[in-house]
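First the structure, in the form of structure tokens, and then the observations on it.
The values are calculated or read from the model by the stated rules, or taken from the named source; none is laboratory data. Being a predicted model, the structure only gives us computed values, none of them experimental. Keep in mind that these areas ignore ligands, DNA and RNA; they rest on the heavy atoms of the full protein, side chains included. Shrake-Rupley method; radii C 1.70, N 1.55, O 1.52, S 1.80 Å.
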Amino acid sequence: MYEAKDDPCYKDNWWFKLTYEDIDKHEFMVFAGALDYENKDFVLFKIPMRWISDNINHLDIVGDGWINIYLTMQDHIDLRHKDNLSFASFRLN
């Protein structure tokens, strides 16, 4: 959890990472974004790996194969890539 109140360069987001290998290994991946600093309250997302694969050109990928996603806490859009994909439809709670 990266909150703007803690550092002006933070954008109230969560940072999730996965690899190309994860796309082939799993049907879904669950992201858990903490809502508190005690790790007792979370927002959960169930992301189909097929969707990640279909949208790979709209996600940030670094040279060593890591896919980086910075989801905003409020709107659940990815800030890491300029296309700002929405992950809101994958929210479970």
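Side notes on the structure shown:
- The chain, accessible surface, carbon-and-sulfur percent (1.4 angstrom probe): 48 percent
- Accessible surface area normalised per residue over the chain is 63 Å², counting heavy atoms of protein chains with a 1.4 Å rolling probe.
- Per-residue SASA entry for H58, accessible area with 1.4 Å probe, Å² rounded to 10: 70 Å²
- The H on the amide N of I77, modeled in the peptide plane, is under 5 Å from the matching H of T72, F87, each at least 5 residues off or on a different chain.
- Rg/Rh ratio calculated on Cα atoms of the chain (Kirkwood radius): 0.96
- Value of relative contact order over the chain, rounded to a whole percent, pairs C-alpha under 8 Å and six or more apart: 27 percent
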